[in-house]
1. What is the distance in Å between the Cα centroid of region 93-110 and that of region 127-152?
2. Taking the highest mean first, how do the peptides 151-160, 32-41 order by number of other beta carbon atoms within 10 angstrom per residue?
3. How big is the dipole moment of region 26-187 about its Cα centre under a simple scheme where the beta carbon of each Lys and Arg is +1, that of each Asp and Glu is -1, and everything else is neutral? Debye, nearest 20, please.
4. List, in order, the whole-Hz ³J(HN,Hα) value for each residue of region 143-155 obtained from phi through the Karplus relation with A = 6.51, B = -1.76, C = 1.60 and θ = phi - 60°; use x for Gly and Pro.
5. Tell me which residues come under 5 Å, amide H to amide H, from THR154 once H is placed; ignore anything under 5 positions away on its chain.
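Please treat every number below as a calculation from the coordinates, not as lab data. Remember, predicted model here, so these are calculated numbers, not experimental data. Here the Cβ is made from the backbone with ideal geometry for all residues, glycine too, and neighbour counts use every protein chain on show.
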Amino acid sequence: MTVKRLLRTAIILSAALYVGCGETGNPETGAAPELKPTGQVADFKVAAEPKPVPELVFKTVADKEVKLSDFKGKTVLLNFWATWCAPCKVEMPSLDRLQAQLGGDTFAVVAISSDRAGKRAVDPYFDEAGIKLARYYDPKNAVGMGLGVTGLPTTILLDAQGRELGRMLGDAEWDSPEAVALVKQAMGE
């Protein structure tokens, strides 16, 4: 075997070992985690590369402005929904359970309603359904349009640097083992 061939073989074996160990992302180098959507989230489309998202503003229940950058440092599952969207309402309890399971200093579910009636539409639904998620409103759908959302529900996974890792159009059971695994992969766990 020539030295050139031996070196090439060593490089290939090193790369295979590196991939086999499951690189999960490194916030210091900007490397993206390897995401493997299956089961309930099999339709999740992983971005070829993490994409920066624009600085977009939405509102809280107290009409306070919130920016996506306010969540920097956390992995975020950003969900666009509306009370008139039946699949959105079906998946909302699972998003609530996911937040209860994983939410904290390193992860947050951010569900943004695009209902034109804002609080008047969302608050009664959340109260009736027992949803404990923070309430965010974007009645003009500026955030959704700014991120290229074409239908509801759409869920976008952002890494701790605020970059889009991928998205899914349509509903899912976000507290299913497959969805939790996807979120944990994004978190580097």
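1. First find each Cα centre; the distance between them is then 15 Å.
2. Highest-to-lowest ranking by the protection proxy: 151-160, 32-41.
3. 320
4. 5, x, 5, x, 9, x, 6, 10, x, 10, x, 10, 10
5. PHE80, GLY170
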